[in-house]
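This report refers to the structure that appears directly beneath it.
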Amino acid sequence: MAFKNILEDAKIAAALAECKDAGTFCHKKFFTTCGLAGKSAADIKKAFYVIDQDKSAFIEEDELKLFLQNFQASARALTDAETKAFLKAGDTDNDGKIGDDEFVVMVNA
């Protein structure tokens, strides 16, 4: 598992269960339940680079849509509304993508 040395499987499963239905994803709740909130900036950045599928050093909207699938391949895609809200929460410089420092701030907000 990509998050093996960062997060516990049971916490990831619990976080995914909380948002299994469309329209129920809340990034703050997810980060808290999965255990990412409160981790060191270094660990959060490790998670960021797993989620950054195209290795561009940014998480773009298309990667956010498939965010949950980074944690479990069979997880659902986020809805368009969830994806846009997630991007808005993390994109503090309004460039349409989330950088690693923005991700750290968002996770710990």
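Rg ratio for the range 49-94: its Cα radius of gyration over 2.2 N^0.38 Å, N being its residue count, equals 1.11.
To the nearest 0.05, what FRET efficiency results for Lys55 and Asp101 with a Förster distance of 25 Å applied to their C-beta separation?
Details: r = 17 Å, r/R0 = 0.68.
With a Förster radius of 25 Å, E is 0.90.
Accessible area per residue for the chain, computed on protein heavy atoms with a 1.4 Å probe, is 52 Å². Take every Cα pair under 8 Å whose residues are at least 6 apart in sequence, average their separation, divide by the length of the range 1-94, and the relative contact order is 27 percent.
The alpha-carbon of Lys55 sits under 19 angstrom from the alpha-carbons of these lysines, leaving out residues fewer than 8 places away in its chain: Lys45, Lys46, Lys65, Lys97. Helix-only mean residue ellipticity at 222 nm, the chain, DSSP H runs n ≥ 4 weighted -39,500 (n - 2.57), per residue, nearest 500. What is it? Using -39500 (n - 2.57) per qualifying helix, the result is -14000 deg cm²/dmol. A simple packing score, the average count of other Cβ atoms within 10 Å per residue, orders the peptides 16-28, 32-44 as 32-44, 16-28, with the highest score first.
The values are calculated or read from the model by the stated rules, or taken from the named source; none is laboratory data. In this text, all values refer to a predicted model and were calculated from it rather than measured experimentally. As a convention, Cβ positions derive from the backbone with ideal geometry for all residues, glycine included, and neighbour counts pool all protein chains shown. Just the protein is used for accessible areas: all its heavy atoms, side chains included, with ligands, DNA and RNA removed. Shrake-Rupley method; radii C 1.70, N 1.55, O 1.52, S 1.80 Å.
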